[in-house]
Amino acid sequence: TELSHIRNFSIIAHIDHGKSTLADRLIQVCGGLTDREMSEQVLDNMDIEKERGITIKAQTVRLNYTAKNGETYELNLMDTPGHVDFAYEVSRSLAACEGALLVVDAAQGVEAQTLANVYQSIEHDHEIVPVINKIDLPAAEPEMVRKEIEDIIGIDASEAVLTSAKSGIGIEDVLEALVAKIPPPTGDRDAPLKAMLVDSWYDPYLGVVILVRVMDGVLKKGLNVKFMQGGTEHLIDRVGAFTPKRVDLPEIGPGEIGFITAQIKEVEQARVGDTITTVKGGATAPLKGYKEVQPVVFCGLFPVDAADFEKLRESIGKLRLNDASFSYEMESSAALGFGFRAGFLGLLHLEIIQERLNREYDLDLITTAPSVVYRVHLAHTKNEDAAVVDIHNPADWPDVNRIDMIEEPWIKATIYTPDEYLGSILKLCQDRRGIQTDLTYVGGRAQVTYELPLNEVVFDFYDRLKSISRGYASFDYEQIGLREGDLVKMNIMVNGEPVDALSLIVHRNVAEERGRGMCERLKDLIPRHLFKIPIQAAIGGKIIARETIAALRKDVTAKCYGGDISRKKKLLEKQKKGKARMREYGNVSIPQEAFIAALRMG
Ligand code: GTP
């Protein structure tokens, strides 16, 4: 296709503002699917994937649209992951487009998540076409939202398209606006090949499928190509696009988006952001912006039932096939047995993987306290040189006497909330060692930015934020680097023995309070035993908090068991069953829920 007839765009929207519904309508109008195929939402298809047992990850769709001027255009709609944890992937998708549709719910208005994405899009010099959706709702206030888009985002919204994706109103207008406003791509067909690797995923039939945006040159079947950053060479055996059905094509030319396969077995070999060029006469310099993504949040994943370990190993391996950004290695814990230590791009990423293991693979898991990566500077000693180590597992925390200085990752958080919840939100941020950097009001809502240590956010910050704002606050963050912190390792001891799964790295100033909270919660979570159980929080050898679980009174059990043998048997049977969900620790049985619940801060 000629460059002048290509439009590459993404859709920016807050969750639930109607991105998928609008995308489906665009596909429908452009005739990509029959009505029956349309009956399922196309772009959001985790469940469908699961049902069919295959991965179709229909990310990018190529549509043909014949505009009112009589010309036919190739529209490439690129789906972008919705969450900040996948910021780098989002940035690559954006780099493959020239514009974006900004979908805003006519009844909800602009939200924080939307803002972050819009700014990113603007940074990529995108032309932004505002779409005000859900105008069919009685609560819709399109004029107010139009003004909000102009006031908050600062783009002209006078020509915003009004739609109801649900009832199919305004869809043609969206397509016309796309063609008229979004600039066509540029590129040189005769220059050496330069294609950006936008995304990759594993397909059981095709192997690794790679989504590309060609900048210069042409991609064809039979071409020998080189991944410039990865350093590998491959023979292209298939070239095509999704409409959203997969179709093979003779080539992908400059400015176009499509997919290739090249008999690659692992997604790890096809890293997002890499530059693909020809082995012979290829480009000399790669495209800008390649970055290796590193996990920032780690936690242990252990099967509740030790017998599920093999199943867990297999399931994690399968998930990893499609997600090169999460890492895992085997770990064993005295309390929890065999499991894995896994690294994620952020909290949501962690939750997604955890949820998928639970739902798709039917695994009951114990997750240990999430940890960030600490940079620990070790002092020079008689026997050892000074060193700098990155630690993401409290179990590996170095001897305090050797620690010279510790650095921890910080984030900049942007929270957007209705006024009435602001007070509680400020308190929450303050409690989590936050430093307020900005606070502005826009039409009954506040936007506040805080710098926060990531380790204060990984526990239940997001849950707390949602609960104190009754779901109305939205939250977005970016990493802003490492800062020195006075951090210590806190151990929790049950009946005198440290429980490794409950060890935490905390700031010294909040250690006592956190320790007390954990001891109090554990006191309620651990059932009484025949003996009295001390629960203690300690830093090094120093106890900073203590609770005691009183012993069961002997005569109570005697009475309970009575003399009846069959009843006693039944009771024992019951206890055995209950044990499956308990963990033995220094003679004490700790219920599975206690590990997670203990970490929730009140
Ligand atoms: P995520 O996939 O969760 O990010 O949401 P999304 O932005 O893709 O939103 P989605 O298209 O799934 O729509 C969210 C809800 O809004 C669904 O229940 C839709 O049926 C509904 N919806 C979408 N567009 C409209 C509209 O124009 N009017 C009305 N009334 N509802 C709509």
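The values are calculated or read from the model by the stated rules, or taken from the named source; none is laboratory data. Fair warning: this is a prediction, and the values are worked out from it, not measured in the lab. Note: ideal-geometry Cβ built from the backbone for every residue, glycine included; neighbour counts use all protein chains shown. In case anyone asks, the SASA skips ligands and DNA or RNA and just uses the protein heavy atoms, side chains included. Shrake-Rupley method; radii C 1.70, N 1.55, O 1.52, S 1.80 Å.
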For a protection proxy built on the mean count of beta-carbon atoms within 10 angstrom, sort 477-485, 512-520, 5-13 highest first, please. 5-13, 512-520, 477-485
Shape parameters for region 465-506, alpha-carbon atoms, Rg then Dmax in Å: 16.9, 44
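Less than 13 Å Cβ to Cβ from Pro398, Lys/Arg counted +1 and Asp/Glu -1: what total charge do the surrounding residues give? Let's see the in-between values first.
Details: positive: Arg375, Arg402, Lys489; negative: Glu384, Asp390, Asp396, Asp399, Asp404.
After counting each charged neighbour, the total is -2.
How long are the three semi-axes of the equivalent ellipsoid for region 387-431, computed from the Cα gyration tensor as the root of 5 times each eigenvalue, in whole Å, largest first? Could the numbers behind the result be given before it?
Working: eigenvalues 262, 24, 17 Å².
Ellipsoid semi-axes (Å, largest first): 36, 11, 9.
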Hydrodynamic radius of region 282-361 per Kirkwood, over alpha carbon pairs, in Å: 14.0
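Mean 1/r over all different Cα pairs, inverted: what Kirkwood radius does region 98-208 give, in Å?
Numbers: mean 1/r = 0.0624 Å⁻¹.
So the Kirkwood estimate lands at 16.0 Å.
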Give the span of the chain's Cα atoms along each principal axis, as three whole-Å numbers ordered largest to smallest. 91, 62, 56
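How would Tyr421, Tyr450 line up by accessible area, probe 1.4 Å, largest first? Each step should come with its number before you reach the end.
Details: Tyr421 25, Tyr450 0 Å².
Greatest to least solvent exposure: Tyr421, Tyr450.
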Within region 131-158, which residues have the backbone N less than 11 Å from the label spot 7 Å out from Asp419 along Cα→beta-carbon, could you tell me? none
Defining a contact as two alpha carbons under 8 Å apart and six or more residues distant in sequence, what relative contact order in percent does the chain show? 10
Computed [θ] at 222 nm, deg cm²/dmol, the chain (DSSP H ≥ 4; -39,500 (n - 2.57); rounded to nearest 500): -7500 deg cm²/dmol
Go through Lys221, Lys291, Lys523 and list them by solvent-accessible area, largest first, probe radius 1.4 Å. Lys221, Lys291, Lys523
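Suppose every Lys and Arg Cβ carries +1 and every Asp and Glu Cβ carries -1, with no other charges. What dipole size does the chain come out with about its Cα centre, to the nearest 20 debye?
So the magnitude is around 2860 debye.
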How large is log10 I(q)/I(0) at q = 0.13, 0.15 Å⁻¹ when the Debye formula is applied to the Cα atoms of region 226-298, each weighted equally and without solvent? -0.47, -0.62
Top to bottom by accessible area (1.4 Å), largest first, where do His124, His380 land? His380, His124
Counting Lys and Arg as +1 and Asp and Glu as -1, what is the net charge of the other residues whose Cβ lies under 9 Å from the Cβ of Lys134? -1
Karplus-derived HN-Hα couplings along region 8-14 (A = 6.51, B = -1.76, C = 1.60, θ = phi - 60°), whole Hz, x at Gly and Pro: 10, 8, 10, 10, 9, 7, 6
How are the alpha carbon pair distances in region 314-380 distributed across 10 Å bins from zero to the largest one, expressed in percent? 16, 51, 24, 7, 2
For region 398-510, what ratio Rg/Rh do Cα atoms give with a Kirkwood hydrodynamic radius? 1.06
So, over other residues within a Cβ distance under 9 Å of Thr414, counting Lys, Arg +1 and Asp, Glu -1, the net charge is -2
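Quote to one decimal, in nm, the extra length available between Met330 and Leu137 on full extension: 0.36 nm per residue of separation minus the C-alpha distance between them.
64.4 nm
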Would you work out which of His380, Val442, Pro591 lies farthest towards the positive end of the dipole of the chain? Charges go on Cβ: Lys and Arg +1, Asp and Glu -1. Pro591
Which is farthest toward the positive dipole end of region 232-340 among Thr275, Pro303, Phe338, measuring Cα position about the Cα centre, with Cβ charges +1 (Lys, Arg) and -1 (Asp, Glu)? Thr275
